[in-house]
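Dropping a structure here in structure tokens format, bear with me for questions.
The values are calculated or read from the model by the stated rules, or taken from the named source; none is laboratory data. Because the structure is predicted, anything quoted here is derived from the model rather than measured. So basically every Cβ, Gly included, is an ideal-geometry build from the backbone, and we count neighbours across all protein chains shown. For the accessible areas, the whole protein counts, side chains as well, though only heavy atoms, and no ligand, DNA or RNA atoms are used. Shrake-Rupley method; radii C 1.70, N 1.55, O 1.52, S 1.80 Å.
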Amino acid sequence: MKKIFISHSTKDADLATSFLDLLQNQFSLKRENFFLTSDEEFSAGQNWIEAIKDWMKDADIILPIITPNYLDSKFCLCELGAAWINEQSLLPVIIPNLDHRALEDTPYRSVIQSITLNSTKDFLRLAESMREKEIGKFNSVSFTTRANKLLEHVVLPYSKSLDDDRERITVEMMDGLKETLREYQEAYQEVNDELDRLRRENTSLRTLKDAEEVTAFDLENMDEWDKFLSAVEKVNLGLRQLSIELVTVLYYQFKNGTEGFYSNEYHNQNKFQDLESQGLIKWDDGWVPDYDHPKINRVTESLNEVSKLIDDNSLNDQFEMKFESEFQDIRLGLAYSPFWEEVFGTNILNLSS
């Protein structure tokens, strides 16, 4: 699962949420792909260090939203210092009226490329950086339209609302901030060392824990489940480009094996003929996928990967428990249409074959 960590001041929660909405929508992501530090269920006093560490360590991209409020926040500076744990994923986003000089006197001034959001081109630079980090693909036209609305209705009004007489950060103030940052980094390292010690004791402590707690922990840290979600995401990207008729033909191949799909109840048979003319399907006692087409071949390979993972884990009780907890009342397997609809997020023609 792709992980995006958005660090920001709680005073800028609306601004951060707008960014999240843009990225989630344009990169076809889900809410669980994001860690937003202003989430209501997240509190600074509850597992703060561990939550920050775990997400920053594994994040594919870390986006600190740098504003005057951010620079005034001790918690934000602590998060900025903690980002050293995954420096290669760090991409500071600077909101005007600040510019690149906002990080000039920090340890990141010469090693981190930042983006100041003055125009939609700067938003596109952010999107390209995310694509390069393999967060996903985006449509530049759609992204530009949404980014322009965000710039006009959120970012620029926010910038204009800043007090023009706001006290500027002096060299002396930045020196003090750097010292505070250093202290937080040292405190963070001490806590990190303590967490490592506790993990080394975990093996013996697990035998004393309640069985349900151990099971819950295993479900949250299951490699098989992560592989399954990654394979499902690949299928979703492929199926999203296909028509409902073509998806239905693919579904019936997994449902009925070599038997093709046909229904005289479907009023628009011309759509199947159009798919045939494109080389995507062919007639063989029913419509079947034409595996010589590269698009069909790619999607089928992704579907086969999901099917294999399900078969490999068919005797894995923990895998099935995790699936049931995430997709209640859905039968596990590519032979079932609710699986395609809920897990793959697609639709199947509801016709008799």
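Name the residues of region 309-353 whose amide N is less than 13 Å from a point 7 angstrom out from the Cα of Arg240 along the C-beta direction?
The answer is 344-346.
I've got another one for you. Can you sort Lys227, Lys160, Lys53 by solvent-accessible area, 1.4 Å probe, largest first?
Accessible-area ranking of Lys227, Lys160, Lys53, largest first: Lys160, Lys227, Lys53.
Could you order Thr37, Thr10 by accessible surface area, starting with the largest, using a probe radius of 1.4 Å?
Largest accessible area first, the residues go Thr10, Thr37.
If packing is taken as the average count of other Cβ atoms within 10 Å, what order do 246-256, 295-305, 134-144, 70-80 fall into, highest mean first?
246-256, 70-80, 295-305, 134-144
If r is the Cβ-Cβ distance from Asn297 to Glu172 and R0 is 56 Å, what FRET efficiency results, to the nearest 0.05?
Working from the Cβ atoms, E equals 0.30.
Let me ask another. Provide the solvent-accessible area of Trp287, counting protein heavy atoms only and rolling a 1.4 Å probe, rounded to the nearest 10 Å².
Spelled out: Trp287, probe radius 1.4 Å, area about 20 Å².
Tell me, what is the percent relative contact order of region 244-353, built from C-alpha pairs under 8 Å that lie six or more residues apart?
Reported relative contact order: 34 percent.
When all C-alpha to C-alpha distances in region 246-353 are sorted into bins of 5 Å, what percent of pairs does each bin hold, rounded to whole numbers?
Using 5 Å bins, I get a P(r) of 2, 11, 20, 23, 19, 12, 7, 5, 2, 0 for region 246-353.
State the percentage of accessible surface on region 234-353 attributable to carbon and sulfur atoms; use a 1.4 Å probe and exclude ligands, DNA and RNA.
41 percent
Which of the pairs Lys137/Lys271; Lys11/Lys133; Lys3/Lys322 have their Cα atoms more than 26 Å apart in this structure?
From the list (Lys137/Lys271; Lys11/Lys133; Lys3/Lys322), the Cα-Cα distance tops 26 Å for Lys137/Lys271; Lys11/Lys133.
Which order do Leu117, Leu198, Leu124, Leu349 take when ranked by solvent-accessible area (1.4 Å probe, heavy atoms of all protein chains), largest first?
So, going from the largest accessible area down, we get Leu198, Leu124, Leu349, Leu117.
OK, next. Per residue of region 278-294, what does 6.51 cos²θ - 1.76 cosθ + 1.60 with θ = phi - 60° give for ³J(HN,Hα)? Whole Hz please, x for Gly and Pro, Karplus curve as stated.
7, x, 8, 9, 8, 9, 8, 6, x, 6, 10, x, 9, 6, 6, 7, x
Using a 1.4 Å probe on the protein heavy atoms only, what accessible surface does Ser337 show? Give it in Å² to the nearest 10.
Here the accessible area works out near 40 Å².
Taking H as built 1.01 Å from N, whose amide H comes closer than 5 Å to the amide H of Thr346, not counting residues under 5 places away?
Glu341
What full-extension length gain, to one decimal in nm, is calculated for Asn270 and Lys133 as 0.36 nm per residue of separation minus the Cα-Cα distance?
Length gained between Asn270 and Lys133: 45.2 nm.
Taking θ as phi - 60°, what are the ³J(HN,Hα) couplings along region 244-257 by the Karplus curve (6.51, -1.76, 1.60), each to the nearest whole Hz, with x for Gly and Pro?
5, 5, 5, 4, 5, 4, 4, 4, 5, 5, 7, 7, 10, x
What is the extension gain from Asp317 to Asn192, computed as 0.36 nm multiplied by their sequence separation minus the C-alpha to C-alpha distance, in nm to one decimal? Could the numbers behind the result be given before it?
On the way: separation 125, 0.36 × 125 = 45.00 nm, distance 3.32 nm.
Full extension from Asp317 to Asn192 adds 41.7 nm.
Could you compute how much accessible surface Arg31 exposes when probed at 1.4 Å, giving the result in Å² to the nearest 10?
Here the residue's solvent-accessible area equals roughly 90 Å².
Still on this model: Measuring with a 1.4 Å probe in the full set of protein chains, what accessible area per residue, in whole Å², belongs to region 289-353?
Result: 58 Å² of accessible area for each residue.
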